[in-house]
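Following: one structure in structure tokens, then a few remarks.
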Amino acid sequence: MKEIPLSVPNLSSDIVENLRECIKTGWVSSGGKYIVEFEKKLACYLNVDEVVGVQSGTAALHLVYKYFNFTGCEVICPTVTFVASINPLLYESASPVFMDCDDTLNMDLDKLEDFCFYCCDFIDGKLINRRTKKHVKGLVVVHVFGNPINMERVLDIARFYNLIVIEDAAEALGSYYTKGEYKNKYCGTIGDAGIISFNANKIITTGGGGVIVSSNKDLLNKVRFWSVQSKTNPLTFVHDEIGYNYRMLNINAALGVSQLEKLEEFIETKKQNYQKYQKYLNHIKGLRLLPFNENTRSNNWFYSLIVDNPFPESRDELLKRLADNKIQTRPLWNLMHEQKHLKDFEAYKIEKAQYYQEHLLNIPCSTDLNEEEILHVASLLDIEKEPLVSVITPVYNSERFIKETIESVLNQTYTNLELIIVDDASIDNSTEIIRTYRERDTRIKYIRNTKNSGAAISRNIALENAKGRFIAFLDSDDIWDERKLEVQIAYMRKHKIGFSFTSYQIMDADGKVYERIIKAPDKVNYHYLLKNTIIGCLTVVLDRNIIGDIRMPIVRSSQDFATWLSILKNGHVAYGIKEVLAKYRKVNGSLSSNKLKALRSNWLVYRKIEKLSLVKACYVFIFYVLHALKKHVLLH
Ligand SMILES: *Cc1c(COP(=O)(O)O)cnc(C)c1O
């Protein structure tokens with residue numbers, strides 16, 4: 001699956017035509033037909049007389065704050081917003097007073113009212129902060145993530161206390177009210193002034209850009225004038241006061257004209273995708289999507305997932321796991337009252353914002369997201385559906401085969417896995433080969449031993465680092481069928497099995513597969529395994545929820561055999577899956593010195609680890625040898 005970004009622009013090809021026109025005519029800067037066309041079309045969409053286009057939402061806010069002359073005054077702002085809502089207040093030497101959010105992430109209007117009532121005096125039509133004695137002159141509200149704030153209530157409070165209301169509708173283009181006093185009115189058009197942003201991540205984009213919306217003609221004329229360096233005479237360059245180079249550019253407006261035509265379609269897609277997420281996520285305990293407010297038609301710009309108990313991962317752990325799976329998500333902005341340059345300003349009883357800052361995750365919401373991608377995100381969120389599998393692979397000088405081994409893991413149809421490779425101080429090209437794969441797939445975790453320590457120690461190091469509920473083993477020259485984990489995990493979960501293994505085949509160094517199948521018996525218990533070492537390490541999957549954490553005994557070989565024995569000795573049973581799901585590589589074909597070594601090490605497991613009596617050890621050893629002979633000799 002390719003990368004899934006959080007939010008990317010959705011540009012259609014007619015934009016290229018508009019840009020070509022800009023370039024052909026030379027109108028690429030702060031003059032040209034697209035600026036006017038974009039302003040007109042947007043005003044028409046918003047049902048207002050006029051808007052003024054500028055280079056960013058931030059510039060729009062700056063000019064509006066300047067118009068209301070907030071210098072030296074206090075302005076009430078949300079702590080849950082993007083910093084662009086606040087910085088322009090500082091440009092104008094005004095002081096923000098930060099308010100908490102409610103459960104919609106918008107400003108808590110009860111607290112706003114309390115602040116005005118309990119912390120301020122209302123004298124001669126002016127709200128005065130009792131502590132600082134400053135004039136509280138303005139109120140900035142943000143429609144967070146496109147979700148319309150209750151403007152009836154905002155204006156009710158603001159009119160009572162003579163507060164100037166600025167709507168930061170940067171994220172809320174297209175959101176409107178469907179009931180009440182402001183029925184059919186768009187966000188951004190209701191306060192004394194509003195702004196909308198067209199930055200690249202917003203619902204439509206001009207690359208960079210913003211507009212100022214107001215029914216106040218004087219305001220619109222003023223900000224347009226300031227945005228072109230306050231030029232009174234274009235010929236003689238007379239400037240009457242301080243000005244800014246903030247005017248929207250024609251090439252940006254050219255994008256906007258095309259994007260605006262797509263706006264309603266984008267909103268429809270956002271709404272449908274939101275509903276799809278909801279459908280796939282609503283049964284997952286500990287996860288919930290924040291709703292958009294009733295009595296509004298929200299543009300559903302960003303989707304907010306709340307991660308809390310009993311979800312087994314914290315928000316940050318989830319974020320990291322999704323990032324490892326190439327899915328981009330984002331926590332809520334660091335709160336404004338905690339930003340280094342804003343810390344000293346007043347913050348009023350902030351509680352909920354803190355909670356959301358720790359628990360919220362914005363999940364991918366681009367308008368070109370398809371159903372398959374939403375399902376992929378949802379299935380990763382559904383931990384219960386695809387619990388993490390840790391694949392344990394010790395490597396020592398395996399340059400010839402490691403590539404195939406790694407690929408057979410990365411190509412698994414079951415995707416929620418981590419491949420923990422412990423490089424046992426290889427001195428061949430293995431390390432380099434692994435590195436190239438690591439750069440491509442973050443599911444690979446790489447650990448290198450400083451000195452060659454053997455497979456048992458390497459596997460134990462991997463086990464210590466394994467995060468998965470399930471543990472699977474694969475040596476660096478063996479390979480899996482791409483359906484192995486999917487089949488095996490599904491089987492284990494369905495039957496609540498803690499230990500399973502599968503049938504496998506044997507191949508030679510060149511990958512030629514022998515016909516004979518090493519068939520997995522239905523069940524293997526401790527006594528069975530003593531006599532017949534039928535379980536192929538490369539086929540084993542363990543569920544740590546059932547059998548608990550495991551470590552391998554430190555013996556030079558047969559440590560896997562000893563491990564299975566120690567698990568089965570506790571009363572567990574290993575279940576065999578008949579399907580052939582792995583290939584074991586046998587590099588030197590016949591009964592060799594390796595086989596004699598295996599006989600010896602198995603004997604040591606019987607005597608030293610299992611502490612069988614000599615008689616019992618001899619008894620099971622005979623069976624073991626017979627089975628081993630059958631397995632290996634019949635191959636040829
Ligand atoms: C994007 C955004 C802005 C600023 O817009 P720019 O065009 O990036 O300057 C302001 N406020 C909020 C809430 C935003 O999300």
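Quick look at the values:
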item	result
Computed over region 161-313, Cα set: Rg, Dmax in Å	19.9, 69
Sulfur and carbon atoms: percent of accessible area, region 24-94 [1.4 Å]	55 percent
Residue pairs, from the table LYS451/LYS569; LYS183/LYS279; LYS137/LYS202; LYS33/LYS262; LYS403/LYS496; LYS583/LYS611, whose Cα atoms sit over 25 Å apart	LYS451/LYS569; LYS183/LYS279; LYS137/LYS202; LYS403/LYS496; LYS583/LYS611
In range of the label at LYS24: residues from region 213-256 whose backbone nitrogen is under 19 Å from the point 7 Å along Cα→Cβ	250-256
Accessible heavy-atom area order of CYS187, CYS618, highest first, probe of 1.4 Å	CYS618, CYS187
Derived scalar couplings ³J(HN,Hα) [region 316-333; Karplus, 6.51 cos²θ - 1.76 cosθ + 1.60; whole Hz; x for Gly, Pro]	5, 5, 5, 4, 5, 5, 5, 4, 4, 9, 6, 10, 8, 10, 8, x, 4, 3
Percent accessible area from carbon and sulfur atoms, region 480-636, protein chains only, probe 1.4 Å	57 percent
Within the accessible area of region 405-475 (1.4 Å probe), percent carbon and sulfur	49 percent
Rel. contact order, % - alpha carbon contacts under 8 angstrom, at least six apart, the chain	12 percent
Tilt relative to the chain, helix 430-440 - C-alpha long axis, 0 to 90 degrees, to 10	30 degrees
Contact order relative to length of region 99-145, as percent, for alpha carbon pairs under 8 angstrom and 6 or more apart	28 percent
Cβ-derived FRET efficiency at R0 41 Å, LYS349 paired with ALA490, nearest 0.05	0.25
In nm, spacing of pseudo-spin labels at ASP121 and ILE242 (7 Å Cα→C-beta vector)	3.1 nm
Vicinal HN-Hα couplings computed from phi for region 520-526 (Karplus, 6.51 cos²θ - 1.76 cosθ + 1.60; Hz; Gly/Pro x)	7, x, 4, 9, 10, 10, 4
Dipole of the chain, positive direction: furthest Cα of PRO291, LEU380, SER93, with charges on the beta-carbon	LEU380
Å² per residue, accessible surface of region 184-343 at 1.4 Å	44 Å²
Simple Cβ-charge dipole of the chain, Lys/Arg +1 and Asp/Glu -1, about Cα centre, in debye nearest 20	3060 debye
Relative contact order of region 120-197, pairs being alpha-carbon contacts under 8 Å that are 6 or more residues apart, as %	27 percent
Charge-dipole axis of the chain as Lys and Arg at +1 and Asp and Glu at -1 on Cβ define it, positive-most pick from LEU260, ASN545, ASN47	ASN545
Heavy-atom surface of region 358-511, accessible at 1.4 Å and reported per residue (Å²)	38 Å²
For CYS120, distant residues with modelled amide H under 5 Å away	ARG130
Within the chain, percent of DSSP bridges classed antiparallel, to nearest 5	50 percent
Accessible area expressed per residue, region 30-136, with surrounding protein chains retained (probe 1.4 Å, Å²)	38 Å²
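The values are calculated or read from the model by the stated rules, or taken from the named source; none is laboratory data. This is a predicted model, so every value here is computed, not measured. Backbone-built Cβ (ideal geometry, glycine too); neighbour counts: all protein chains shown. Each accessible area value is taken on the protein alone, full model and side chains, heavy atoms only, with ligands, DNA and RNA left out. Shrake-Rupley method; radii C 1.70, N 1.55, O 1.52, S 1.80 Å.
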